[in-house]
Amino acid sequence: MSNQTLSRRHFLKASGMVGGGIVVAVALPGCAFKGPHPIEVTDAGFVPNAFLQITPDNHVTFYCPSDEMGQGIRTGLATIVGEELDVNPATMLVKAAGSHEDYNNPEFRVQGTGGSNAVRVFYEPLRQVGADTRALLLNAASLDLGIPADQLLTADGFIVAGDRRYPYGDFVETASSLEMPIATELKAPSRFKYIGADAPRVDALAKATGTANFGIDADVPGMVYAVVVRPPVAGSKALSFDDSTARVAPGVLAVVPVSSGVAVVAERYWQANQAAKKLTIDWEETPLSTVTSEQVRQDLSAALEADNDTESTRAGDPEKAFADADAGTILETDYYAPFLAHAPMEPLNATLRITEDGADLWTGVQFVGAAQGVLERLTGLPRGNIKIHNQFLGGGFGRRATLSHIVEVAEIALSVDKPVQLLWSREDDLRHGFYRPAAMMKIKAAADSEGHITAWQARRSGANISAQTFKNALPGVLPNLPTGLLNGLAGAMDYVFKNWAVDGSSVEGLHETYSLPSYQVSHASVDHGLPTTFWRSVGHSYTSFAVESMMDELAEAKQLDPVALRLKNLNDKPRMQNVVAEAGQLMAAMTVPENHHLGFAAHSSFGTDVAQIAEVSVTEGQIRVHKVTCVVDCGLAVNPDIVTAQLEGAVMFALTAALYGSIDLEGGAVVQSNFHNYPILRMNESPAVDVVIIESETPPTGIGEPGVPPLAPAVANAVYRATGQRLRDLPLQLA
Amino acid sequence: MITFSLNGEPVRFNGDPSTPLLWVIRDDFKLKGSKFGCGAGLCGACTMHLDGTAIKTCVLPVAAAADKAVTTIEGLGNPEDLHPLQTAWIEHNVPQCGYCQSGQIMAAAALIADKPSASSEDVDNAMSGNICRCGCYPRIKAAIMSVAASALSYDAAATEANS
């Protein structure tokens with residue numbers, strides 16, 4: 001056994017450093033820009049740094065370094081920079097940043113959005129950007145007005161001198177000749193007027209009027225449309241294909257083999273879509289070609305029975321603690337979660353124009369830096385000449401951090417020598433995706449008679465998440481590494497995670513929520529070859545189901561109240577202890593109809609603590625969730641209404657998975673194809689959601705993902721109370 | 001050739017009459033507010049009005065729109081002249097990713113036109129053909145109900161005034 005855990009954060013950090021050149025996280029005001037200017041200045045605006053532009057007529061534009069996929073990040077980061085700049089975020093124009101290292105995620109060291117980290121990692125740097133820019137404008141105004149800077153104030157985009165107000169724009173010409181102050185003192189949170197207040201989303205108007213541009217809406221003069229026919233079994237290659245009828249179908253311009261399958265290019269999308277059905281392709285058989293869902297489950301079980309998994313983390317002496325426990329009271333239970341698809345509403349797409357001088361990509365991607373790198377690798381163009389026009393993302397959930405569609409569009413565009421728009425169908429999305437891996441988890445726990453857990457062992461088997469994600473991202477993160485070395489590196493990473501290290505993302509959440517005097521977490525890697533990647537809340541999406549189901553099972557065994565048992569095991573987790581106590585009080589005060597039952601769960605992820613109470617009824621075997629109450633501590637809530645919306649949405653996303661979600665395999669091929677057999681929760685099935693945000697002035701932590709993990713176990717725990725059936729498999733189905 | 005009215009303007013389409021209306025609107029008439037989500041009439045992202053009825057246009061051949069009136073999100077309202085539902089959408093901070101919202105609003109607009117003071121059950125029934133993967137349902141419903149409630153109070157005021 002080895003004891004080495006690489007987390008998703010480490011992986012992204014490491015890949016950024018290995019790449020070289022990607023070193024400066026945030027260009028603080030005053031720093032020189034590296035490479036071509038990331039902001040295309042279209043008029044005589046003042047651009048004090050990569051994030052802000054102020055025009056003489058006092059329009060302020062904020063270039064948002066994180067990708068807006070629904071989580072409200074454009075509003076959140078505009079609020080943060082606006083607070084210190086003293087400009088109301090509602091009056092700013094907020095645009096997606098271009099592709100440039102000045103916009104690198106400070107933690108990932110590459111431009112990208114994920115891990116619920118954007119508000120957390122940009123909170124201080126963007127406040128500093130706002131504060132320094134405001135100080136610069138004060139200095140400029142002082143010169144122009146002949147008034148000492150310390151006698152000037154600011155108010156919502158204006159310099160205030162006594163009873164006179166001057167728009168910031170009046171001073172941008174002078175400001176552009178001055179040196180940018182650095183490390184200007186930041187406001188005390190008690191003086192915040194935008195941070196912490198509810199405000200409308202900056203993208204609400206565009207999204208309510210159909211004027212928000214998504215990747216699919218790109219319309220480039222002369223562009224043609226492409227679809228790709230991919231193998232039914234992931235990774236299989238076309239041995240041969242017959243395109244004789246497809247090639248002569250109406251509008252068809254070309255049939256092009258690409259690395260992932262065969263592309264059909266036509267004058268219109270619908271023509272490409274119809275012609276693709278006329279292709280006959282002979283696909284190779286692969287080891288995955290015989291795999292079924294039943295086999296996956298058996299193999300994952302067998303891997304844990306084989307008992308040769310790799311230890312990830314431990315504390316205390318769990319072996320001794322189990323030996324000391326009354327053997328009759330030790331619980332040991334298996335929990336299972338299936339493969340899942342992300343199914344964002346906007347199917348994957350990308351529009352690429354390659355010219356002699358450069359390339360322009362219009363898409364919605366969570367990993368701008370790697371998308372740029374993939375194009376650098378495939379086109380041979382200098383990185384600075386490749387522009388990523390990142391659009392609104394029609395849902396991400398991790399799916400848009402993968403790059404296969406960027407590779408496809410590049411291969412097609414290079415082949416047809418025209419701008420190309422590639423569009424995946426919903427069937428493509430569900431059948432040819434990257435999936436949340438299936439997970440078998442075995443939890444063994446011992447507690448004393450008062451409910452203090454004395455020993456804890458948590459083991460997981462299944463495909464590891466990071467190695468495959470790394471393999472997919474590598475060509476973009478290391479654009480200049482030759483293909484042979486690239487494959488070697490990806491293979492090495494895969495080997496490492498299968499043999500001597502544990503992928504931290506695959507086991508995250510198996511012990512961290514509670515104060516455990518002794519524990520062991522371990523992992524058995526079982527990879528059937530179905531591509532996997534991050535799925536909203538990653539490993540937590542299944543580990544919370546196992547841990548929080550076990551907590552209720554322990555409570556029952558000890559004849560304790562489930563909330564009381566949890567509180568006994570949170571001694572050195574004061575923030576979560578407070579969240580659980582608050583939620584416990586709310587639960588104790590709830591009155592529900594006779595046939596409704598309450599279930600509780602809590603989970604820490606991405607620095608945020610969430611407890612949920614699900615109100616559930618079961619009628620003729622049908623589980624109905626009526627209401628979910630959430631208590632959350634995410635530090636300072638930058639925009640409480642968006643925090644609330646993220647929890648509402650997380651409940652719906654997680655409930656879809658808890659009640660319906662399963663990607664199944666038959667002959668290695670994904671069975672599900674569209675929303676009839678991969679159902680998504682609809683309005684008439686959706687619960688009411690109440691959200692309580694714990695007031696806090698500590699720096700903000702994640703909010704996009706942490707609402708997902710506790711939901712499934714909260715519902716399962718309620719179903720147990722309603723029926724006496726302990727459901728240990730997802731999705732939840734009554735016998 | 002197929003002729004129909006698009007947001008009040010007469011238009012002609014010369015291509016394949018079996019092409020779904022969605023693609024004609026998006027790729028030929030370049031109105032991009034209506035979205036592609038499933039291609040099977042299962043998610044409602046492509047919802048438009050055909051002679052005032054909400055319809056899923058990813059499975060509707062353009063031929064079926066011949067001589068009819070097609071209304072898209074662009075014809076319902078615009079940033080300078082919002083439909084009451086669009087105002088309610090902004091007031092309730094409804095959208096997250098926003099991709100499904102054109103379809104949601106078009107489905108809601110057909111409901112409100114038909115039943116200005118729609119009940120909670122009416123809303124559930126009318127809106128359950130529209131998927132929101134971000135899970136904005138509580139806010140979508142609240143936004144529609146706020147418009148329905150104002151219609152209800154308008155009706156009540158009108159009734160009172162007429163009595």
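The values are calculated or read from the model by the stated rules, or taken from the named source; none is laboratory data. This one's a predicted model, so the numbers in the text were calculated from it and none came from an experiment. Heads up, the Cβs are rebuilt from the backbone with ideal geometry, glycines too, and the neighbour counts pull from every protein chain shown.
For segment B:91-128, give me each residue that is of a type in the set (G, A, S), within 29 Å of A:Q391 (Cβ to Cβ) and in contact (Cβ under 8 Å) with a residue 40 or more places away in the chain.
Answer for segment B:91-128, where residues must be of a type in the set (G, A, S), within 29 Å of A:Q391 (Cβ to Cβ) and in contact (Cβ under 8 Å) with a residue 40 or more places away in the chain: B:S102, B:G103, B:A107, B:A109, B:A110.
From the list A:A564, A:A555, A:A581, exactly one residue is in a helix (DSSP H, G or I) and without any contact (Cβ under 8 Å) to a residue 24 or more places away in the chain. Which is it?
Sole residue among the options that is in a helix (DSSP H, G or I) and without any contact (Cβ under 8 Å) to a residue 24 or more places away in the chain: A:A581.
Can you name the residue in segment A:329-355 that is within 13 Å of chain B (Cβ to nearest Cβ) and more than 14 Å from A:R436 (Cα to Cα) and, of all such residues, is surrounded by the fewest Cβ atoms within 10 Å (Cβ to Cβ)? So that I can check it myself, show each step before the final result.
Narrowing segment A:329-355 to residues within 13 Å of chain B (Cβ to nearest Cβ): A:340-349, A:351.
Those left that are additionally more than 14 Å from A:R436 (Cα to Cα): A:345-349, A:351.
Details: A:M345: 27, A:E346: 31, A:P347: 27, A:L348: 28, A:N349: 24, A:T351: 26.
The qualifying residue surrounded by the fewest Cβ atoms within 10 Å (Cβ to Cβ) is A:N349.
Report, ordered by the first and then the second residue, all pairs with beta carbons closer than 9 Å, sequence separation of six or more or different chains, a first member in segment B:59-87 that is within 12 Å of another protein chain (Cβ to nearest Cβ) and in contact (Cβ under 8 Å) with a residue 60 or more places away in the chain, and a second member that is assigned to a helix (DSSP H, G or I) and aromatic (F, W, Y).
Once the first residue is within 12 Å of another protein chain (Cβ to nearest Cβ) and in contact (Cβ under 8 Å) with a residue 60 or more places away in the chain and sits in segment B:59-87, its partners that are assigned to a helix (DSSP H, G or I) and aromatic (F, W, Y) give B:V62/B:W23.
Out of the residues in segment A:250-303 meeting the condition of being within 14 Å of another protein chain (Cβ to nearest Cβ) and among the polar types (S, T, N, Q), tell me which one is nearest to A:L378 (Cα to Cα). Give the derivation first.
Kept after step one, since they are within 14 Å of another protein chain (Cβ to nearest Cβ), are these residues of segment A:250-303: A:250-252, A:266-277.
Remaining after also requiring among the polar types (S, T, N, Q): A:271, A:273-274.
On the way: A:Q271: 27, A:N273: 26, A:Q274: 29 Å.
Applying the filter and picking the extreme gives A:N273.
Tell me which residues, restricted to segment B:1-24, are of a type in the set (S, T, Y) and surrounded by fewer than 12 Cβ atoms within 10 Å (Cβ to Cβ). Full working, then the answer.
Start the filter on segment B:1-24 by keeping residues that are of a type in the set (S, T, Y), which leaves B:3, B:5, B:18-19.
Across segment B:1-24, the qualifying residue is only B:S18.
Taking the criterion of being part of a loop (DSSP other than H, G, I, E, B) and among the aliphatic types (A, V, I, L, M), would at least one residue in segment A:677-689 satisfy it? Show your work before the answer.
Going through segment A:677-689, the residues part of a loop (DSSP other than H, G, I, E, B) turn out to be A:677-682, A:686-687.
Keeping just the survivors that are among the aliphatic types (A, V, I, L, M) gives A:680-681.
Looking through segment A:677-689, at least one residue is part of a loop (DSSP other than H, G, I, E, B) and among the aliphatic types (A, V, I, L, M).
Give just the number: which of (1) over 22 Å from A:K498 (Cα atoms); (2) at pLDDT 95 or above does A:F339 not satisfy?
In the conditions (1) over 22 Å from A:K498 (Cα atoms); (2) at pLDDT 95 or above, A:F339 misses (1) alone.
Would a scan of segment A:329-341 turn up a residue that is among the small types (G, A, S) and within 30 Å of A:K207 (Cα to Cα)?
yes
When you go through (1) surrounded by 24 or more Cβ atoms within 10 Å (Cβ to Cβ); (2) under 16 Å from the mean Cα position of the chain (by Cα) one by one for B:R133, which number turns out not to apply?
Status for B:R133: all satisfied but (2).
Mind checking which residues of segment A:610-650 are among the polar types (S, T, N, Q) and more than 21 Å from A:P200 (Cα to Cα)?
A:Q612, A:S617, A:T619, A:Q622, A:T629 - these are the residues of segment A:610-650 that are among the polar types (S, T, N, Q) and more than 21 Å from A:P200 (Cα to Cα).
If I filter segment A:204-244 down to residues being assigned to a loop (DSSP other than H, G, I, E, B) and under 30 Å from A:M92 (Cα atoms), which single residue comes out as farthest from the other protein chains (Cβ to nearest Cβ)?
A:V220
Select, from A:E620, A:E615, the only residue that is among the acidic types (D, E), more than 12 Å from chain B (Cβ to nearest Cβ), in contact with a helix residue (DSSP H, G or I) (Cβ under 9 Å, 6 or more places away or on another chain) and more than 30 Å from A:R120 (Cβ to Cβ).
Numbers: A:E620 fails: in contact with a helix residue (DSSP H, G or I) (Cβ under 9 Å, 6 or more places away or on another chain).
After applying the criteria, what remains is A:E615.
Regarding A:N684, is this residue modelled with pLDDT of 95 or more, farther than 20 Å from A:L732 by Cβ, within 7 Å of another protein chain (Cβ to nearest Cβ) and surrounded by fewer than 23 Cβ atoms within 10 Å (Cβ to Cβ)?
Against the criterion (modelled with pLDDT of 95 or more, farther than 20 Å from A:L732 by Cβ, within 7 Å of another protein chain (Cβ to nearest Cβ) and surrounded by fewer than 23 Cβ atoms within 10 Å (Cβ to Cβ)), A:N684 does not qualify.
Filter segment A:665-694 for residues that are farther than 14 Å from A:A650 by Cα, touching a strand residue (DSSP E or B) at 6+ places or on another chain (Cβ under 9 Å) and not hydroxyl-bearing (S, T, Y) and give the result.
Selection gives A:L665, A:G667, A:G668, A:A669, A:V670, A:V671, A:Q672, A:E685, A:V692, A:I693, A:I694.
Quick one: would you say B:M48 is modelled with pLDDT under 95 and within 25 Å of A:Q274 (Cβ to Cβ)?
No: the conditions fail for B:M48.
Let's see how each residue does on (1) in contact with a helix residue (DSSP H, G or I) (Cβ under 7 Å, 6 or more places away or on another chain); (2) charged (D, E, K, R); (3) more than 13 Å from chain B (Cβ to nearest Cβ):
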position	(1), (2), (3)
A:L375	yes, no, yes
A:I386	yes, no, yes
A:I406	yes, no, yes
A:W424	yes, no, no
A:D429	no, yes, no
A:A438	yes, no, yes
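Within segment A:143-172, which residues are under 14 Å from A:T55 (Cα atoms) and not charged (D, E, K, R)?
Once the filter is applied, which keeps residues that are under 14 Å from A:T55 (Cα atoms) and not charged (D, E, K, R), segment A:143-172 yields A:G157, A:F158, A:Y166, A:P167, A:Y168, A:G169, A:F171, A:V172.
Given the criterion more than 24 Å from A:N117 (Cα to Cα), in contact with a Leu (Cβ under 6 Å, 6 or more places away or on another chain), away from every other protein chain (no Cβ under 14 Å) and at pLDDT 95 or above, identify the matching residue among A:P731, A:P700, A:P713.
Details: A:P700 fails: more than 24 Å from A:N117 (Cα to Cα); A:P713 fails: in contact with a Leu (Cβ under 6 Å, 6 or more places away or on another chain).
From the options A:P731, A:P700, A:P713, the qualifying one is A:P731.
Does segment A:264-282 contain any residue that is β-branched (V, I, T) and surrounded by fewer than 21 Cβ atoms within 10 Å (Cβ to Cβ)?
Within segment A:264-282, one or more residues are β-branched (V, I, T) and surrounded by fewer than 21 Cβ atoms within 10 Å (Cβ to Cβ).
Name the single residue, out of those in segment A:356-373 being closer than 20 Å to A:F534 by Cα and within 13 Å of chain B (Cβ to nearest Cβ), that is nearest to the chain's Cα centre (by Cα).
So the residue we want is A:Q366.
Quickly run through segment A:404-425 and pick out the residues that are assigned to a helix (DSSP H, G or I) and surrounded by fewer than 23 Cβ atoms within 10 Å (Cβ to Cβ).
The answer is A:S404, A:V407, A:E411, A:L414, A:S415, A:V416.
Name the one entry in A:T629, A:T644, A:T591, A:T608 that is more than 24 Å from A:R682 (Cβ to Cβ), under 24 Å from the mean Cα position of the chain (by Cα) and among the hydroxyl-bearing types (S, T, Y).
Residue meeting the stated conditions: A:T608.
Inspect segment A:480-489 for any residue being touching a residue at least 12 places away in the same chain (Cβ under 8 Å), closer than 30 Å to A:V610 by Cβ and in a loop (DSSP other than H, G, I, E, B) and give the result as yes or no.
no
Take the conditions on the phi < 0 side of the Ramachandran plot, modelled with pLDDT of 95 or more, part of a loop (DSSP other than H, G, I, E, B) and in contact with a helix residue (DSSP H, G or I) (Cβ under 7 Å, 6 or more places away or on another chain) and apply them to B:C43. Does it pass?
no
Across segment A:356-370, which residue is surrounded by the fewest Cβ atoms within 10 Å (Cβ to Cβ) among those that are assigned to a strand (DSSP E or B) and either small (G, A, S) or touching a Lys or Arg at 6+ places or on another chain (Cβ under 6 Å) (or both)?
A:D360
For segment A:182-203, state whether one or more residues are closer than 20 Å to A:M345 by Cβ, within 13 Å of chain B (Cβ to nearest Cβ), buried (at least 19 other Cβ atoms within 10 Å of the Cβ) and not β-branched (V, I, T). Show your work before the answer.
If we filter segment A:182-203 for residues that are closer than 20 Å to A:M345 by Cβ, which is where we start, we get A:201, A:203.
Then keep just the ones that are within 13 Å of chain B (Cβ to nearest Cβ); that gives A:201, A:203.
Those left that are additionally buried (at least 19 other Cβ atoms within 10 Å of the Cβ): A:201, A:203.
Filter again for not β-branched (V, I, T), leaving A:201, A:203.
Yes, the conditions are met somewhere in segment A:182-203.
If we scan segment A:650-659, do we find a residue that is farther than 17 Å from A:V610 by Cβ, more than 7 Å from chain B (Cβ to nearest Cβ), part of a strand (DSSP E or B) and out of contact with any Phe, Trp or Tyr (no Cβ under 6 Å at 6 or more places or on another chain)?
There is no residue in segment A:650-659 that is farther than 17 Å from A:V610 by Cβ, more than 7 Å from chain B (Cβ to nearest Cβ), part of a strand (DSSP E or B) and out of contact with any Phe, Trp or Tyr (no Cβ under 6 Å at 6 or more places or on another chain).
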